[in-house]
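Quick notes on the structure that follows.
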Amino acid sequence: MNFILDGMLGKLTRWLRMMGHDAKYSTVLDDAELLAVAKKEQRVLLTRDFALFQQATVRGISVYCVEGNTGPERLAELYGRFRIPLEIDLAVSRCPKCNTNLASVPKDEITNQVQKNTLLHYNEFWRCPNCGAVYWQGAHWIKIRATLQEAKEKVKER
Ligand SMILES: [Zn+2]
């Protein structure tokens, strides 16, 4: 799905990108600009701001007001509203930093970008063709999986 998020939702933006969604995010756009981009680019506006939610609704823009305060709560909410799968597959992920589709990259092309230990333990790497950031399912994935699991449990509780 295509989203645009208000300046309060940077972390959720990164999650959506990792989950493969086109998520625009800016801390410099004001309300009028957020509404204009959402309308022009047919994006769903996600916001914490109820006044902005109401303005979007009046203008016929797809909008959702995010209520949860934690990552898992917010992901569960988005599942409830949009049925977006609570999974991350780096093969379809977008760069959490810049929203560009990641590309699989051979190990020997990133030897100077990641630590030796990482090269030793992991075989699959992805790189952002735009900003050059390299990703792999390293130790930090334990936390990522735990957050997704927690979100799925919250879905069941809802
Ligand atoms: Zn990038």
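Derivation of every value follows stated rules applied to the coordinates shown; laboratory data play no part. A quick note: this is a predicted structure, and the numbers were derived from the prediction, not measured. All Cβ positions, even for glycine, are placed from backbone atoms using ideal geometry, and neighbour counts span all protein chains on display.
Worth pointing out:
- The rule of thumb for compact globular proteins, 2.2 N^0.38 Å, goes into the C-alpha radius of gyration of the range 35-92 1.25 times.
- DSSP bridge pairs, the chain: antiparallel proportion in percent, nearest 5: 40
- With a cut-off of 12 Å between beta carbons, the residues surrounding Val134 carry a summed charge of +1, where Lys and Arg count +1 and Asp and Glu -1.
- Counting charges near Asn2 (Lys, Arg +1; Asp, Glu -1) among other residues having Cβ under 14 Å from its Cβ returns a value of +4.
- Summary value for the chain: 22 percent relative contact order, contacts being C-alpha pairs under 8 angstrom separated by 6+ residues.
- Full extension of the segment from Leu90 to His121, taken as 0.36 nm per residue of separation minus the current Cα-Cα distance, would add 9.4 nm.
- Protection proxy ranking, peptides 92-101, 18-27, 78-87, average beta carbon neighbours within 10 Å, highest first: 18-27, 92-101, 78-87
- The sum of -39500 (n - 2.57) across all DSSP H runs of n ≥ 4, divided by the residue count of the chain, sets its helix-only mean residue ellipticity at 222 nm to -12000 deg cm²/dmol.
- If you wrap the Cα atoms of the chain in a convex hull and average its projected area over all directions, you get 9.8 nm².
- At q = 0.33 Å⁻¹ the log10 of I(q)/I(0) for the range 91-136 amounts to -1.23, computed by Debye summation with a single uniform scatterer per C-alpha, solvent ignored.
- If R0 equals 41 Å, the separation of the Cβ atoms of Val114 and Arg59 corresponds to a calculated FRET efficiency of about 0.35.
- Computed on the range 2-82, the Cα convex hull volume stands at 81 Å³ per residue.
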